[in-house]
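Engineer: Quick one: this structure, given as structure tokens, is what I'll be asking you about.
The values are calculated or read from the model by the stated rules, or taken from the named source; none is laboratory data. Everything numeric here is computed off the predicted structure, so don't read it as measured data. Every residue, glycine among them, receives a Cβ derived from its backbone with ideal geometry; neighbour counts consider all protein chains shown.
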Amino acid sequence: MDWYRVQALVVKEFLALLRNKASRMVLIGPPVIQLIVFSYAATFNLHNVPIAIYNEDAGAAARQLIARFQGSPYFSIERMPKSGRRIRDIISDKKALLVLRIGPRFSRDLALHRTARVEVLVDGRNSNTALIALSDVNAVIQAFSVHWAGTHGWRATPAILVTRAWFNPNLRSRWFIVPGVVGLLTLVVALLVTGLSVAREREAGTFDQLLVTPLGPWEILLGKALPGFLIGSLEATLIIVVAILWFRVPFMGSVLALYLGLFLFLLAAIGVGLAISSASATQQQGLLGVFLFLVPAVILSGFATPIANMPLPVQYLTYLNPLRYFLIILRGVFLEGDGIAILWAQYLPLVAIGLVTMTIATWLFRRRLT
Amino acid sequence: MNRQRLRGLIRKEALQILRDPSSIAIAFVMPFVLLLLFGYGVSLDARHVPIALVAAHPTAQTSGLFSGFRQSPYFRPRTYADMVAARRALMKGRVDAIIWLRPDFTRTALGGGAAPVGVIANGVNANNARIIEGYIQGVWASWLAAQARERGQPLVVPVDVRSRVWFNPALRSHDYLVPGLIAVIMTLIGALLTALVVAREWERGTMEALMASPATITEILVGKLVPYFFLGMGGMALSVVMAIVVFAVPLVGSLWVLFLCAALFLLTALGMGLLISTIARNQFVAGMIALVTTYLPAFILSGFIFDIHSMPWPIRILTHIIAARYFVSTLQTLFLAGDVWPVIARNMAALAVIAVFFLVTVARISHKRLD
């Protein structure tokens, strides 16, 4: 292997990528915009959910309960219907996600030390949002209930729940999502830089020119892989810095453990990209291949929904996905303070995936030569 | 517009689709594979969550509470002797939560009451942690009720919440995820079908041949839209059949409204693809823009998984230009709630505006000129 020749090819690849203004913009602009937009948008914590309260009770207790909902950042009371007939339309027309109904005997029951009932009707069209909203409603009413029991001389229940969350005490889903977005965007950039690189030359006819140079197949592949590495690690660093400084996601672990993970993940992702590129004859096929890999890789990575919820055969499938391991590394290093020692089980599969895909890429590359 | 020329152009595009199987693969194989993968891969229903049970001083009381966790389908409990071992299991990710009863639990519970039940959850996946806490609360509440029955004293708490969920009473996450997935997948397919088509013609130079023909720019664009529209509707029909047959999602609304909305949505997706490829004229850039502006926004900004009301206001405004947002809401309403016209009419109007915007913009920026 001649490093001087590889270096020349790397320079040529960078020129091909960065010469065109549009493709330069496309490499740098969208990832940063996406990081900002998605990190703000992708949250499971509810905020300002529109609700309606149908209050049939004239007493002070009901007013106190409503005041708690008014003071909660989770809800914004959009409507106070005067009759029960409007409830159905309010929910089905999406004017409110839920309707809280306080019955006419609410204050009287509480005054008589009897359990008072509150009814909640929720729009189940998005069942996850419905579940979160229900648990927020329960939390508000629970707080009211505990306060009432304490101030009005009710007997305590035998046991109470004292809940704490480790690593993320306020259960901010942004802390979970932002490290995930780092992995997601790194994968997108690495695949796009490498996935079309061989196919582009084939389509433009410059592939044959490349073959008559003194470069060997390994040198050509290395020359195609290195720009992906450089651009991928630079963009990942930029995104990590934004995650820490802008989104204030705590960074508890070691930088070394993170960059070892990033290096191995890029190895695997670039291997996949080069394999797709070597297999395709046109850029359109290359792009389709990138899509067909990227879409399932995002879904089956645990980025938005946990892998443990998937059926068992699908869970086995996720072991082939490099993003799965990198997300565990990212979240472990950011939130749990993991070091290299605890992450071995994630590094080794990435090495294996990288070696296998690189071998496949070389094989496909050679096969296309003959 | 000359009908004969138009027919000729449509025929040319249709032949091109038939002879290049990659478009047909995008329209039919992709929705099939993606819907299967997504339908099984995306689920927010936690089952068999591994949790650690620690009782510092085991008694009949503590094992009574623990048996509630053992019988629940949501948990797969493991008993640990002390907190040190349980803590290590949580750190290593073997369990997602710890239930911890202190040594004086039984004495306090039988005496003055309000004995603390320590719950420590791994908060890294915040959403999952909240769902697990909800399940733990359920087990705790039914244990309290059982205790009260045993002692013959009715359990009296100040306020009791009765909740009812409309349109999806069992809270099956599949029932709302699958209609949303159809919108995400169709966004991807609609844009992919057209995004690369015009860019490829520019790259190959065959656009020049079309320019030299007597066909007007409107005829060329309509000629490209019509065959891909039918191809996309075929993919849409396949997805709806799969949602009903494979995933058993009930379709409460009517089929014709569904296809009317789908047709309108497909026009926005195809129009966007055409706009991208007209601007880019280069397959690499067109592909990159299609990826960045279709799949990820449809996944994250459409309200398909993440609630739009909870986003900060600049992003809430941004979601209004994402066509998938209106289609996700329409599909979830049509599948689960029925023909709720106030919601559907609002969404269809928005889709119509977006479709007209894309198609008019494409027609305006496409000149019959080579520059």
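Engineer: Any residue in segment A:53-72 that is closer than 29 Å to B:Phe304 by Cα and in a loop (DSSP other than H, G, I, E, B)?
Structural biologist: Checked against the condition, which is being closer than 29 Å to B:Phe304 by Cα and in a loop (DSSP other than H, G, I, E, B), segment A:53-72 yields at least one hit.
Engineer: Quick one: which residue in A:Val314, A:Val298 is under 20 Å from A:Leu327 (Cβ atoms), in contact (Cβ under 8 Å) with a residue 24 or more places away in the chain and within 10 Å of chain B (Cβ to nearest Cβ)?
Structural biologist: So the residue among A:Val314, A:Val298 that is under 20 Å from A:Leu327 (Cβ atoms), in contact (Cβ under 8 Å) with a residue 24 or more places away in the chain and within 10 Å of chain B (Cβ to nearest Cβ) is A:Val298.
Engineer: I need the full set of residues from segment B:169-179 which are facing chain A (nearest Cβ under 7 Å) and modelled with pLDDT under 80, in order please.
Structural biologist: B:Pro169, B:Leu171, B:Arg172, B:Ser173
Engineer: Does B:Gln153 count as surrounded by fewer than 20 Cβ atoms within 10 Å (Cβ to Cβ) and at the interface with another protein chain (Cβ under 7 Å from one of its Cβ atoms)?
Structural biologist: In short, no.
Engineer: Follow-up question, since we're still on this one. So which of B:Val29, B:Val54, B:Val42 ends up being in contact with a Phe, Trp or Tyr (Cβ under 8 Å, 6 or more places away or on another chain) and either within 10 Å of chain A (Cβ to nearest Cβ) or at pLDDT 90 or above (or both)?
Structural biologist: Every option except B:Val54 fails the conditions.
Conditions tested, residue by residue: (1) closer than 28 Å to A:Gly286 by Cβ; (2) modelled with pLDDT of 90 or more.
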| position | (1), (2) |
| --- | --- |
| B:Arg204 | yes, no |
| B:Thr218 | no, no |
| B:Leu225 | yes, no |
| B:Ala237 | no, yes |
| B:Val246 | no, yes |
| B:Ala263 | no, yes |
| B:Gln283 | yes, no |
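Engineer: Let me ask something additional. When you scan segment B:314-323, do you find a residue that is more than 9 Å from every other protein chain (Cβ to nearest Cβ), surrounded by 24 or more Cβ atoms within 10 Å (Cβ to Cβ) and either within 19 Å of B:Pro179 (Cβ to Cβ) or without any contact (Cβ under 8 Å) to a residue 12 or more places away in the chain (or both), even just one?
Structural biologist: yes
Engineer: Among the residues of segment A:75-93, which ones are in a loop (DSSP other than H, G, I, E, B) and at pLDDT 90 or above?
Structural biologist: A:Met80, A:Pro81, listed by residue number.
Engineer: Taking segment B:288-322, which residues are assigned to a helix (DSSP H, G or I), under 21 Å from A:Pro31 (Cα atoms) and small (Gly, Ala, Ser)?
Structural biologist: B:Ala290, B:Ala298
Engineer: Only one residue in B:Ala55, B:Ala27 is surrounded by 13 or more Cβ atoms within 10 Å (Cβ to Cβ) and closer than 30 Å to B:Arg102 by Cβ. Which one?
Structural biologist: Only one candidate qualifies: B:Ala55.
Engineer: For segment A:95-103, indicate whether the set of residues that are surrounded by fewer than 23 Cβ atoms within 10 Å (Cβ to Cβ), over 24 Å from B:Ser329 (Cα atoms) and at the interface with chain B (Cβ under 7 Å from one of its Cβ atoms) is non-empty.
Structural biologist: no
Engineer: Which one of B:Gly113, B:Gly138 is touching a strand residue (DSSP E or B) at 6+ places or on another chain (Cβ under 9 Å), within 30 Å of A:Arg105 (Cα to Cα), exposed (fewer than 14 other Cβ atoms within 10 Å of the Cβ) and modelled with pLDDT under 90?
Structural biologist: Just one listed residue meets the conditions, B:Gly113.
Engineer: Identify, from the list B:Val198, B:Val165, B:Val178, B:Val226, the residue that is of a type in the set (A, V, I, L, M) and either in a strand (DSSP E or B) or in contact with a strand residue (DSSP E or B) (Cβ under 6 Å, 6 or more places away or on another chain) (or both).
Structural biologist: B:Val165 is the lone residue from the list that is of a type in the set (A, V, I, L, M) and either in a strand (DSSP E or B) or in contact with a strand residue (DSSP E or B) (Cβ under 6 Å, 6 or more places away or on another chain) (or both).
Engineer: Something else now. Are any residues in segment A:107-134 crowded, with 18+ Cβ neighbours inside 10 Å and part of a helix (DSSP H, G or I), and if so, which ones?
Structural biologist: Across segment A:107-134, the qualifying residues are A:Ser107, A:Asp109, A:Leu110, A:Ser127, A:Asn128, A:Thr129, A:Ala130, A:Leu131, A:Ile132, A:Ala133, A:Leu134.
Engineer: Right, something else. Just to check your reading of the model, which residue among B:Ala183, B:Ala170 is in a helix (DSSP H, G or I), of a type in the set (A, V, I, L, M) and closer than 19 Å to B:Ile244 by Cβ?
Structural biologist: B:Ala183
Engineer: Scan segment B:262-269 and give yes if some residue there is free of Cβ contacts under 8 Å to residues at least 24 places away in the same chain and of a type outside the set (A, V, I, L, M, F, W, C), otherwise no.
Structural biologist: The answer is no; no qualifying residue exists.
Engineer: Restricting to segment A:268-295, give me the number of residues that are in contact (Cβ under 8 Å) with a residue 12 or more places away in the chain and surrounded by fewer than 21 Cβ atoms within 10 Å (Cβ to Cβ).
Structural biologist: Residues that pass the stated criteria total 5.
Engineer: While we're looking at this one, here's another question. Looking at (1) surrounded by 21 or more Cβ atoms within 10 Å (Cβ to Cβ); (2) of a type in the set (A, V, I, L, M); (3) within 7 Å of chain A (Cβ to nearest Cβ), which one does B:Leu144 not meet, given that it meets all the others?
Structural biologist: The number of the failed condition is (1).
Engineer: Residue check, A:Val181 against (1) surrounded by fewer than 21 Cβ atoms within 10 Å (Cβ to Cβ); (2) under 30 Å from A:Asn45 (Cβ atoms); (3) at pLDDT 85 or above, all met but one. Which one?
Structural biologist: (1)
Engineer: Of everything in segment A:9-25 that's free of Cβ contacts under 8 Å to residues at least 40 places away in the same chain and assigned to a helix (DSSP H, G or I), which residue is farthest from the other protein chains (Cβ to nearest Cβ)?
Structural biologist: A:Val11
Engineer: Another question, if that's okay. Out of A:Gln34, A:Gln64, I need the residue that is at the interface with another protein chain (Cβ under 7 Å from one of its Cβ atoms), in contact (Cβ under 8 Å) with a residue 12 or more places away in the chain and of a type outside the set (Gly, Ala, Ser). Which one?
Structural biologist: The conditions single out A:Gln34.
Engineer: Give, as residue ranges, the helices (runs of 4 or more DSSP H) completely inside segment A:146-239 that count at least 3 residues that are under 22 Å from the mean Cα position of the chain (by Cα) and in contact (Cβ under 8 Å) with a residue 40 or more places away in the chain.
Structural biologist: Per the criteria, A:173-195.
Engineer: Let me ask something else about it. For segment B:72-98, name all the residues that are surrounded by fewer than 20 Cβ atoms within 10 Å (Cβ to Cβ) and either touching a residue at least 60 places away in the same chain (Cβ under 8 Å) or β-branched (Val, Ile, Thr) (or both).
Structural biologist: B:Ser72, B:Tyr74, B:Thr79, B:Val84
Engineer: Can you find a residue in segment A:200-223 that is exposed (fewer than 13 other Cβ atoms within 10 Å of the Cβ) and among the small types (Gly, Ala, Ser)?
Structural biologist: Scanning segment A:200-223, I find at least one residue that is exposed (fewer than 13 other Cβ atoms within 10 Å of the Cβ) and among the small types (Gly, Ala, Ser), so the answer is yes.
Engineer: Filter segment B:107-131 for residues that are basic (Lys, Arg) and either touching a residue at least 40 places away in the same chain (Cβ under 8 Å) or more than 7 Å from every other protein chain (Cβ to nearest Cβ) (or both) and give the result.
Structural biologist: B:Arg107, the sole residue that qualifies.
Engineer: Okay, moving on. Hey, could you check segment A:127-145 for residues that are within 7 Å of another protein chain (Cβ to nearest Cβ) and of a type outside the set (A, V, I, L, M, F, W, C) and say which is farthest from the chain's Cα centre (by Cα)?
Structural biologist: Only one residue fits best here, namely A:Ser145.
Engineer: How about segment B:227-247: which of its residues are without any contact (Cβ under 8 Å) to a residue 24 or more places away in the chain and either closer than 16 Å to B:Ile189 by Cβ or not β-branched (Val, Ile, Thr) (or both)?
Structural biologist: Within segment B:227-247, B:Phe230, B:Ala237, B:Val241 meet the criteria.
Engineer: Can you confirm whether segment A:54-73 contains a residue that is closer than 28 Å to A:Pro179 by Cα and modelled with pLDDT of 85 or more?
Structural biologist: Yes.
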